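Where a number appears in this text, it was derived from the coordinates with a stated rule and is not lab data. Everything numeric here is computed off the predicted structure, so don't read it as measured data. Glycine gets a Cβ as well: all are built from the backbone with ideal geometry, and neighbour counts include every protein chain shown.
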Amino acid sequence: MTVKIISIDPGYERVGIAVLEKETGSNKENLLYSDCFQTSPKLPFSERLKLIGTEIEKLIEKYKPERMALELLFFNSNQKTAMGVAEARGAIKYAALKNNLEIFEYSPLQIKIAITGYGKGDKKQITAMVGRLIEINKEIKYDDEYDAIAVGLTYFAINPVK
């Protein structure tokens with residue numbers, strides 16, 4: 001049996017996206033796709049949400065994952081940013097539910113523990129560990145993409161393929 005997931009680091013300017021799979025009995029996940037999808041701040045916010053949802057739906061159609069792993073919203077001091085990310089998460093979750101994907105959500109703490117073994121790991125530690133945990137055959141420009149891969153790896157750490 002193969003389990004295929006799409007994992008997301010949500011945002012509205014940049015959305016980290018990864019598609020991973022793992023076979024029964026394998027101790028290694030395969031990275032099928034990863035990218036950082038960007039929307040222009042010059043566009044109306046509603047158009048940006050539409051673009052994000054459309055991109056997620058295209059990837060679901062192409063890769064046919066059964067599940068979505070999504071990072072939970074971390075509230076920072078900027079309420080406007082948090083509200084925008086919450087709306088982007090809504091568009092992302094809608095795309096998943098419309099395509100009958102089961103959704104799994106993980107907090108930043110859960111992701112840090114799964115990837116680094118330490119709940120206070122920083123971005124550099126996450127990036128370094130992701131590169132050790134899964135083979136990446138491309139250059140990654142943005143942390144959002146590493147974060148999406150980390151969310152996917154967290155899914156497999158918590159939900160072993162049997």
Quiz prompt | Placed amide H near Leu70: partners under 5 Å, 5+ positions off or other chain | solution = Ile8, Phe104, Glu105, Tyr106
Quiz item: Which percent, to the nearest 5, of DSSP beta bridges fully inside the chain are antiparallel?
Solution: 65
Quiz prompt | Mean ellipticity per residue at 222 nm, deg cm²/dmol - from DSSP H runs of n ≥ 4 across the chain, formula -39500 (n - 2.57) | solution = -15000 deg cm²/dmol
Exercise. List, in the order given, every pair from Lys62/Lys138; Lys22/Lys64; Lys4/Lys28; Lys4/Lys98; Lys64/Lys162; Lys22/Lys141 whose Cα-Cα distance in the structure shown is over 22 Å.
Key: Lys22/Lys141
Exercise. At a Cα cut-off below 14 Å, give the aspartates and glutamates reachable from Lys58, other chains included and same-chain residues fewer than 8 away excluded.
Key: Asp35
Quiz prompt | Relative contact order (%) - the range 2-158, alpha-carbon pairs under 8 angstrom, separation at least six | solution = 31
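Give the order of Tyr118, Tyr12, Tyr63 when sorted by the count of other beta carbons within 10 angstrom, beginning with the fewest.
Values: Tyr118 11, Tyr12 22, Tyr63 15.
Listing Tyr118, Tyr12, Tyr63 from fewest to most nearby Cβ atoms yields Tyr118, Tyr63, Tyr12.
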Quiz item: Where the only charges are on Cβ atoms (+1 Lys, Arg; -1 Asp, Glu), what is the dipole of the range 2-158 about its Cα centre, to the nearest 20 debye?
Solution: 160
Self-check item: Fewest-first sequence of Met1, Met83 by Cβ atoms within 10 Å of each Cβ
Solution: Met1, Met83
Self-check item: Against the rule of thumb 2.2 N^0.38 Å, how large the Cα Rg of the range 2-158 comes out
Solution: 0.98
Quiz item: For the residues Ser46, Ser7, Ser34, what sequence is obtained by ranking on other C-beta atoms within 10 Å, fewest first?
Solution: Ser46, Ser34, Ser7
